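Okay, so here's the structure we're looking at.
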Amino acid sequence: GPDPSGRPSVIAGLVLAAGAGVRFGEPKAPVVMNGERLVDRAVRCLHDGGCDPVLVVLGAWVGEVPEAQVVVNDEWATGMASSLRAGLADLHARSDVTSVVVTLVDLPGMTGTAVRRIADADADGGIVVATYGGERGHPVRFDRPHWVGIMATLTGDEGARGYLSGRSDITFVEVGDVAHGYDLDEPIK
């Protein structure tokens, strides 16, 4: 809904897609599944879920992503935290963006319906985490007041897990009926 100043909320989408896919055997962003690159699929799901703008953080592989704005993370090898920080820093500089829905490039079971459920959720605490049969997963929504705190606590390959641990103000939203939460860690046979 609108923020107290009367401006409409602007919910950005952020795809973390910088990794080398070490266990997988290659960077996952450009890998084609069902005729579509994983990075394009993730971007499409965020757009379908109502996110605009959509940013993609790239690193190990860098290329064109037609429907998104690319942020290159030169520190990608240090882990996911640096990619989340790069994306949040870019969004933080855009004063109109009020919230961000974060997802990973390697979730082929993600859907726009799941994204919209996270984007639209009523969350007094400003943090929404998707669950699949009660298990935490992605996407995760962070409203703007949390961004600086997240950026300050990010380390290594943890993402925002440290920031989220022990918080009582997280809104959990089940999406297992409209999406799958598995990731691609093994090579596609």
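The values are calculated or read from the model by the stated rules, or taken from the named source; none is laboratory data. In this text the structure is predicted, and so the values were computed from the model without any measurement. Neighbour counts are summed over all protein chains in view; Cβ atoms, including those assigned to glycine, are modelled from backbone coordinates with ideal geometry. With ligands, DNA and RNA removed, areas are computed over all heavy atoms of the protein, side chains included. Shrake-Rupley method; radii C 1.70, N 1.55, O 1.52, S 1.80 Å.
Quick rundown of the values:
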{"read-out": "Where a residue in the stretch 153-169 is free of Cβ contacts under 8 Å to residues at least 24 places away in the same chain and its partner, wherever it lies, is open to solvent by 80 Å² or more (accessible area, probe 1.4 Å) and in a loop (DSSP other than H, G, I, E, B), with Cβ under 9 Å and at least six apart", "value": "Gly162/Thr155"}
{"read-out": "Complete set of residues in the stretch 42-53 that are surrounded by fewer than 24 Cβ atoms within 10 Å (Cβ to Cβ), in contact with a Leu (Cβ under 9 Å, 6 or more places away or on another chain) and farther than 18 Å from Ala121 by Cβ", "value": "Pro53"}
{"read-out": "Search result, residues across the stretch 57-91 that are crowded, with 17+ Cβ neighbours inside 10 Å, out of contact with any Phe, Trp or Tyr (no Cβ under 8 Å at 6 or more places or on another chain), part of a helix (DSSP H, G or I) and of a type in the set (A, V, I, L, M, F, W, C)", "value": "Trp76, Met80, Ala81, Leu84, Ala86"}
{"read-out": "Scope the stretch 1-19; condition modelled with pLDDT of 90 or more and either surrounded by fewer than 17 Cβ atoms within 10 Å (Cβ to Cβ) or in a loop (DSSP other than H, G, I, E, B) (or both); matching residues", "value": "Val10, Ala17, Ala18, Gly19"}
{"read-out": "Residue within the stretch 135-142 that is modelled with pLDDT under 95, open to solvent by less than 50 Å² (accessible area, probe 1.4 Å), on the phi > 0 side of the Ramachandran plot and of a type outside the set (S, T, N, Q) present", "value": "no"}
{"read-out": "Single unsatisfied condition, Val97 versus (1) open to solvent by 20 Å² or more (accessible area, probe 1.4 Å); (2) not in a helix (DSSP H, G or I)", "value": "(1)"}
{"read-out": "Subset of the stretch 118-134 (residues that are in contact with a Pro (Cβ under 9 Å, 6 or more places away or on another chain) and surrounded by fewer than 20 Cβ atoms within 10 Å (Cβ to Cβ))", "value": "Gly126"}
{"read-out": "Residue list for the stretch 29-47, filter: farther than 17 Å from Ala114 by Cα and among the basic types (Lys, Arg)", "value": "Arg37"}
{"read-out": "Among residues of the stretch 100-117, those that are closer than 17 Å to Leu55 by Cα and either touching a Lys or Arg at 6+ places or on another chain (Cβ under 9 Å) or open to solvent by less than 30 Å² (accessible area, probe 1.4 Å) (or both), counted", "value": "11"}
{"read-out": "Where Val39 falls short, out of the listed (1) of a type in the set (A, V, I, L, M, F, W, C); (2) crowded, with 23+ Cβ neighbours inside 10 Å; (3) out of contact with any Ser or Thr (no Cβ under 7 Å at 6 or more places or on another chain); (4) modelled with pLDDT under 95", "value": "(4)"}
